[in-house]
1. What order, most packed first, do the peptides 143-150, 86-93 have when packing is the mean number of other Cβ atoms within 10 Å of each residue?
2. On a C-alpha basis, how far is the centre of the range 29-65 from the centre of the range 117-138 in Å? Whole number, if you could?
3. Please list, in order along the range 30-47, the HN-Hα scalar couplings obtained from phi with the Karplus expression 6.51 cos²θ - 1.76 cosθ + 1.60 (θ = phi - 60°), rounded to whole Hz, x for Gly and Pro.
4. Whole-Hz Karplus ³J(HN,Hα) for the range 15-29, in order, using 6.51 cos²θ - 1.76 cosθ + 1.60 and θ = phi - 60°, x for Gly and Pro?
5. Using only the alpha-carbon atoms of the range 38-156 as identical scatterers, what base-10 log of I(q)/I(0) does the Debye formula give at q = 0.13, 0.17, 0.19 Å⁻¹?
6. Pairing the Cα long axis of helix 50-61 with the longest principal axis of the chain, what angle in degrees results, from 0 to 90 and rounded to the nearest 10?
Amino acid sequence: MRRTNNQAGFTILEVMGVIMIMGVLTALVLPTVRTNAVRAKMSEAIMAFGPCRNMITEVYLSGGSSPGAGLWGCEIDKDASQYVDSVLTEDGGKIRVTLQGFNDGRLNTKDLTLTPLDNTGTPMDGTGGFVRSWRCGSALDGTDVPPQYLPSSCRG
């Protein structure tokens, strides 16, 4: 009588190979997933610019000049939202959003800026004029958030 070995399933080498492949794929994909999750949270910080941007544009369009730093009427001093600590303005209309709640030392307490520019591309000085465009996320204006976490439309 002959004995046959009817084993079914995977060998230990096959299982280890699959686990190794899954580990490599996870190591390659995880940083991208994390970056995209941070960008999604960053969209809330970008939205925090909205009320101040509208207010500053209206003041300049109506022929007015800057009311002064922190006096544009749209500032929030503390805990503006889950990911935004504060929204502050400067004399010429530059808006500074301070981040919070990211659970990441590279982002918590960092600043993101939005600066109004005149028709020559120079930041507004508060004396009036026409806001031609806005510069978002520029290190020249004080943004210290790493660029890879900013949307492409907000990288200076």
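1. Descending packing order for the listed peptides: 86-93, 143-150.
2. Centre-to-centre distance over Cα atoms comes out at 16 Å.
3. Residue by residue, the range 30-47 yields 4, x, 5, 5, 5, 4, 5, 5, 5, 4, 5, 5, 5, 4, 5, 5, 5, 5 Hz.
4. 5, 5, x, 5, 5, 5, 4, 5, x, 5, 4, 4, 5, 7, 8
5. -0.46, -0.77, -0.94
6. 30
Every read-out reported here was derived from the displayed coordinates using simple, explicitly stated rules and does not represent laboratory data. Since this is a predicted model, take the numbers as computed values, not measurements. Every residue, glycine as well, gets a Cβ built from its backbone with ideal geometry; the counts of neighbours run over all protein chains shown.
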